[in-house]
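The values are calculated or read from the model by the stated rules, or taken from the named source; none is laboratory data. Bear in mind that the values here come from a model prediction, so they are computed numbers and not experimental data. Glycine gets a Cβ as well: all are built from the backbone with ideal geometry, and neighbour counts include every protein chain shown.
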Amino acid sequence: MIIMQPETPVRPLKNRKKVLLASAVALGLTGVLAGEAYFANTQPANAQIVQAQDLSKNNQLSNNAPRQDQIGFADVVETVKPAVVSVRVKTATEVSSNENELPGMFKDLPEGHPFRRFFEEYGMMPDGGRGDRGEKGGRKGSPRQFGQAQGSGFFISADGYVVTNNHVVTDAEEVELVTDSGETLPAKVVGTDPQTDLALLKVDAKEKFPFVSLGKDVPRIGDWVVAIGNPFGLGGTVTAGIVSARGRDLGSGPYDDFLQIDAAVNRGNSGGPTFNLKGEVVGVNTAIYSQSGGNVGIAFAVPANVVANVVDSLRQSGSVTRGWLGVGIQPVEEDMAEAIGLKGTDGALVSEVHSSTPAFKAGIKNQDVILSLNGQKVADPRELTRMVGALKPGSDAKLKVWRDGAEKDVTVELGKRPDDVAKLGQGEESAPADTAKPTPSTLDDLGLKLEPSKDGAGVAVAEVDSDGALSDKLNVGDIILEVSGTSVSSPADVAKAVEDVRKKGSPRFMTLRVKRGEGTRYVAIPVQKG
């Protein structure tokens, strides 16, 4: 389970040996270890074997809201629970030469001590099993160590395809599934998609498996949902709640579009399904927001429509290919919209067109605002990214853009999104030979001091007046590349370009194209002095 803490980035939890050891002591060797990796031997109770069928289509479940006299979710749970599985993953880790002993306070435990037997039983010794001694008590070399983690998943077809989270099976050496009836099945990883944190597994067996379907309708805020999974290695556990929000962006990737639910979701629920009252999967549980690491009623699930597209690609090719324009984009803010004569702030502002990309070849320009794609309105950059990513490489994207005060139609043949988009657009110009220390030039009315850029491209911001109009827009070290579409290479160029815009008398804002780090963006600044 990915845990999102306040003011910290979302990240998968790692297996931490100290957490496991502390939990072992606190539970007196009788409970389930509470960590991202669980070494518990708890087995689900046996249940009646369900014949292969699409459990989501059980006609006992109403397509409407629950009856007034209906209390509980037993009908839904009884119908879909046989399709939910626990996912056990064995991963290999490196062991250094000085790790052939237990860490910390446990390193001097004598042979036969109950704690040592516990660590050996659950594979927590450095050799992944029976301690660090050979059959005759002699020291081994540095063996390969295996860790074990657990998550959740669910069958989506009778022939054994299972959906879970990518972070559950990352670096997996072996994968096992434990069904609701207690049967253990080996599985292989068909493919993963780190961008959406989804993975597809396959069980090769002659038997047919009960499965569930992905819902086609996006749930409404306030709809009831039921989450089933394997929290803390306990096996099939059911919780219920409502959809709290839609379209959540956690900052974990360009395709974030999570459902937020308040059903209890904990570590080990990763990859498990969230159902509507029809028994359809509406989301795959992926992350929680928590300061403590436990459930606080804020959980996030990948929506079923996203899951369906990703799973289809993984089944066909083992990977996901997405369409790609090859541009940097940013939101359209009110002052920026006024600066370029655009009514409203819908759309995605092109801050950079990377060379030799589909957008470059089609004639997309810096400062274009992409308003629609294939007739569908673009609300913001996040939506454009998802819309383009949903299209196949080689397909045509018909764009309507705002350029120079008017709308223009541009057709782009999409390319394949590279694995590392961040590396694109890095400057390749060498530093100028003149290394003399530059003298900052002052633009007092803007609250800026500028100097020539060390790369030779643009003008560097040397100082920003903390009380000036640009204190919240520019940082020291930013590189100004353009002023209202005019390229600049010296502080004098900036001063002249600013004065030229002011002489025109309108609009009230001018634009600066600014490079920060490896990315570029536009900022709007007032035309008038002061």
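For the stretch 325-338, the candidate set comprises residues that are within 21 Å of ARG417 (Cβ to Cβ) and aliphatic (A, V, I, L, M); within that set, the residue that is surrounded by the fewest Cβ atoms within 10 Å (Cβ to Cβ) is ILE329. Of everything listed in (1) within 16 Å of ARG521 (Cβ to Cβ); (2) at pLDDT 65 or above; (3) not in a loop (DSSP other than H, G, I, E, B), the single unmet condition for ALA462 is (1). Residue count for the stretch 344-382 satisfying the condition of being assigned to a helix (DSSP H, G or I) and closer than 14 Å to GLU333 by Cα: 1. Those strands (runs of 3 or more DSSP E) of the stretch 383-457 in which at least 3 residues are at pLDDT below 85 and touching a Leu at 6+ places or on another chain (Cβ under 8 Å), considering only elements entirely within it, cover 441-443.
Being touching a Lys or Arg at 6+ places or on another chain (Cβ under 8 Å) and more than 19 Å from LEU342 (Cα to Cα) holds for only one residue in GLU482, GLU451, and it is GLU482.
Does the stretch 303-321 include one or more residues that are in a strand (DSSP E or B), over 26 Å from GLY272 (Cβ atoms) and polar (S, T, N, Q)? No, that holds for no residue.
When PHE360 is tested against (1) modelled with pLDDT of 95 or more; (2) within 26 Å of ARG516 (Cβ to Cβ); (3) crowded, with 17+ Cβ neighbours inside 10 Å, exactly one condition is not met: (3).
Kindly check whether there is at least one residue in the stretch 258-269 that is assigned by TED's automatic domain parsing to the domain that holds PHE155, aromatic (Phe, Trp, Tyr) and within 30 Å of GLU518 (Cα to Cα). Steps first, please.
The first filter runs over the stretch 258-269 and keeps only residues assigned by TED's automatic domain parsing to the domain that holds PHE155, leaving 258-269.
Going one step further and asking which of them are aromatic (Phe, Trp, Tyr), we end up with 258.
In the following step, the residues that additionally are within 30 Å of GLU518 (Cα to Cα) were identified as 258.
Yes, the conditions are met somewhere in the stretch 258-269.
Looking across the stretch 463-501, the residues that are acidic (Asp, Glu) and either over 38 Å from the mean Cα position of the chain (by Cα) or under 18 Å from ASP335 (Cβ atoms) (or both) come down to ASP472, ASP478, GLU482, ASP493, GLU499, ASP500. Looking across the stretch 157-203, the residues that are on the phi > 0 side of the Ramachandran plot and among the charged types (D, E, K, R) come down to ASP171, ASP197. For the subset of the stretch 305-324 comprising residues that are over 17 Å from SER157 (Cα atoms) and in contact with a strand residue (DSSP E or B) (Cβ under 6 Å, 6 or more places away or on another chain), which member is surrounded by the most Cβ atoms within 10 Å (Cβ to Cβ)? Out of the qualifying residues, it is TRP324.
When the stretch 483-516 is filtered for residues that are of a type outside the set (Val, Ile, Thr), closer than 14 Å to GLY456 by Cα and surrounded by 21 or more Cβ atoms within 10 Å (Cβ to Cβ), the ones remaining, listed by number, are PRO491, LYS515.
Do we find a residue being more than 25 Å from GLY389 (Cβ to Cβ) and in contact with a Gly (Cβ under 8 Å, 6 or more places away or on another chain) anywhere in the stretch 249-258?
Taking the stretch 249-258 and keeping what is more than 25 Å from GLY389 (Cβ to Cβ), we get none.
Checking the stretch 249-258: not a single residue is more than 25 Å from GLY389 (Cβ to Cβ) and in contact with a Gly (Cβ under 8 Å, 6 or more places away or on another chain).
Within the stretch 383-397, the set of residues being touching a Gly at 6+ places or on another chain (Cβ under 7 Å) and hydroxyl-bearing (Ser, Thr, Tyr) comprises just one member, SER395.
Is it fair to say GLY341 is under 22 Å from LYS416 (Cα atoms) and among the small types (Gly, Ala, Ser)? Against the criterion (under 22 Å from LYS416 (Cα atoms) and among the small types (Gly, Ala, Ser)), GLY341 does not qualify.
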